[in-house]
1. So for region 96-108 (the condition being at negative phi, over 20 Å from the mean Cα position of the chain (by Cα) and assigned to a helix (DSSP H, G or I)), does at least one residue qualify?
2. Considering (1) outside any strand (DSSP E or B); (2) within 21 Å of the chain's Cα centre (by Cα); (3) buried (at least 16 other Cβ atoms within 10 Å of the Cβ); (4) not small (G, A, S), say which one L172 fails and leave the rest.
3. Does Q21 satisfy the criteria of being surrounded by 10 or more Cβ atoms within 10 Å (Cβ to Cβ), at pLDDT below 95 and more than 30 Å from P166 (Cβ to Cβ)?
4. Take region 58-85 and flag every residue that is open to solvent by less than 90 Å² (accessible area, probe 1.4 Å) and assigned to a helix (DSSP H, G or I).
5. So, in region 125-150, of the ones that are of a type outside the set (G, A, S) and farther than 27 Å from G89 by Cα, which residue ends up least open to solvent (accessible area, probe 1.4 Å)?
6. Do the conditions hold for P192, that is, is it open to solvent by 90 Å² or more (accessible area, probe 1.4 Å), farther than 17 Å from I35 by Cβ and out of contact with any strand residue (DSSP E or B) (no Cβ under 8 Å at 6 or more places or on another chain)?
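The values are calculated or read from the model by the stated rules, or taken from the named source; none is laboratory data. This is a predicted model, so every value here is computed, not measured. Here Cβ is always computed from backbone atoms with ideal geometry, including for glycine, and neighbour counts include all displayed protein chains. We work out accessible area using only protein heavy atoms, side chains counted, and drop any ligands, DNA or RNA first. Shrake-Rupley method; radii C 1.70, N 1.55, O 1.52, S 1.80 Å.
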Amino acid sequence: MKKLMTIMLALAMTAGASAQQKSENSDAQAAINNIMTRTSIQQYTNEPVSKADIETMLRAGMAAPTAVNRQPWHFVVINSKEKLAELAGNNPRGGMLKKAALAIVVCGNMDKALQGPAQGFWVQDCSAATENILLAANALGLGAVWTGLYPDENRSAEVAKVLKLPQAFIPLCTIVIGHPAESPQPKDKWKPENVSYNEYGGKAE
C-alpha cells in the first residue's frame, strides 16, 4: 500500500510538472506571437481607448530597460481631438492622428538623462519604452504606429511647442493609437544574411 501511494504521488508530481511546463511553453509562445504579429496600423474606428488600457500601455513603456536605470522619459497622452489635429498638422507623416483615439508622445527628459557623452543613451531608453508600448497595444487588440520626431529638429520643436514642453524635454516620437479599422498582414522581416556569428560573415556552427 505504501509503495502504491509513493507511485501515485510520483505520478501526480510528474503530471503537475508537465502541466506547468505546458503552461510556460504556452506563455512563451503567446509572447513570441505578439511580437511577430505586431504591425503598423494607421486606420482606426471611432471607439475610444479605455483608461485601463492606456495605463497598461504606459506601465509597459515604463517597464523598459534604461542605462543606469535613469528612466529619462516622460509620456504625454493626447486624447483631445483638437490637439490631435494640431499635431497632425505639424507632422508630414502624421495624418492618421486626425482619426485616432489618442496618441502618446514619448519624450526624453535631459534633466534625468546621463550627462556628458553618455547623454545620448536617452534615445535608446525611450526607444525601448516605445517598442514596449507598441507591443502592449497589440496584445490589447489595439492598433498603433510609431511616427518619428527626433532627430528632425523642426518636427521636435513644433511638437514641443504644441505640448508646451519644458526646455529639458525632447520629443522622440509620437505613437498613434486606436481600435484598428484595417488588418494588414505582418511583414516577414527575417533575413539570415543580416546575421553573423562571432565575427562579421561568420556562420552558425
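1. Yes, region 96-108 has at least one match.
2. Answer for L172: the failing condition is (1).
3. Numbers: surrounded by 10 or more Cβ atoms within 10 Å (Cβ to Cβ): yes; at pLDDT below 95: yes; more than 30 Å from P166 (Cβ to Cβ): yes.
Judged against the criteria, Q21 is a match.
4. Taking region 58-85 first, the residues open to solvent by less than 90 Å² (accessible area, probe 1.4 Å) are 58, 60-61, 63-64, 66-67, 71-78, 80, 83-85.
Across region 58-85, the qualifying residues are L58, A60, G61, A67, K83, L84, A85.
5. Step one: list which residues in region 125-150 are of a type outside the set (G, A, S), which gives 125-126, 130-135, 138, 140, 142, 145-147, 149-150.
Filter again for farther than 27 Å from G89 by Cα, leaving 125, 140.
Details: D125: 12, L140: 63 Å².
Within region 125-150, the match that is least open to solvent (accessible area, probe 1.4 Å) is D125.
6. In short, no.
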